[in-house]
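Notes follow once the structure below has been shown.
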Amino acid sequence: MFFDVTTWRWVRVQPEHLGPGYSEHIKELLRQDVEGGVDKKFGACIAVILDTVKPLERGKVQDGTGIILVKVRFKAIYFKPYKNEVIYAKVDKCDKLGFLSIFGPLKIFVSRSSMDRAWEFDDKGGLDKAEYLNQKTKGYLREGSVVCVRLVGTRLDAGGECSYHAVGSINDQYLGPLIDDS
């Protein structure tokens, strides 16, 4: 789910950036620091709305380093996945255990046991990219397919990668690959 969040953060400004262009430099530092990162409370930051960046008070000089700390309020768009949420994701990889799909910063694994029994794995003898074929509907799941997935569980990656991981399911009505009629 996406959220429009107003929050604040301390920005560290080097002394040589004081003067002309100070406001633009603060905005750029904030954007570089926040965008693409993950906050436990709000989720993954998609974008900072630069028009809303406003210093809350005058900068303070940090003793010993000379760095100026500026408290800044801003608005940003955040993404945070929730259990039982249904999303459309792009299939990234198929193997005999299931398939991996991606939705922005979220990586979703759908295991073979979370798919209908009609889906059969076809590795094409290693000559081409593997895929899943549905014997009933004649549909397919392969790299690049768009699939509708229900999130069974989510977690925040604690490592340095700063992304979300989820386990999904397509074993329900209206879930599975989108059919391309063209």
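Any idea which residue in the stretch 140-182 is modelled with the lowest pLDDT, counting only those that are assigned to a loop (DSSP other than H, G, I, E, B) and of a type in the set (S, T, N, Q)?
Only one residue tops the list, namely Ser182.
Quick check on Thr52: is it polar (S, T, N, Q) and either not assigned by TED's automatic domain parsing to the domain that holds Gln14 or not in a strand (DSSP E or B) (or both)? Criteria not met by Thr52.
Quick one: which of Ile108, Ile87, Ile102 is closer than 20 Å to Asp157 by Cβ and out of contact with any Gly (no Cβ under 9 Å at 6 or more places or on another chain)?
Result: Ile102 is the single residue among Ile108, Ile87, Ile102 that is closer than 20 Å to Asp157 by Cβ and out of contact with any Gly (no Cβ under 9 Å at 6 or more places or on another chain).
Scan the stretch 30-41 and give yes if some residue there is modelled with pLDDT under 90, of a type in the set (A, V, I, L, M) and not in a loop (DSSP other than H, G, I, E, B), otherwise no. Checking the stretch 30-41: at least one residue is modelled with pLDDT under 90, of a type in the set (A, V, I, L, M) and not in a loop (DSSP other than H, G, I, E, B). Filtering the stretch 9-27 to residues that are surrounded by fewer than 16 Cβ atoms within 10 Å (Cβ to Cβ) and free of Cβ contacts under 8 Å to residues at least 40 places away in the same chain leaves Glu16, His17, Gly19, Pro20, Gly21, Tyr22, Ser23, Glu24.
The values are calculated or read from the model by the stated rules, or taken from the named source; none is laboratory data. None of these values were measured; they are calculated from a predicted model. Backbone-built Cβ (ideal geometry, glycine too); neighbour counts: all protein chains shown.
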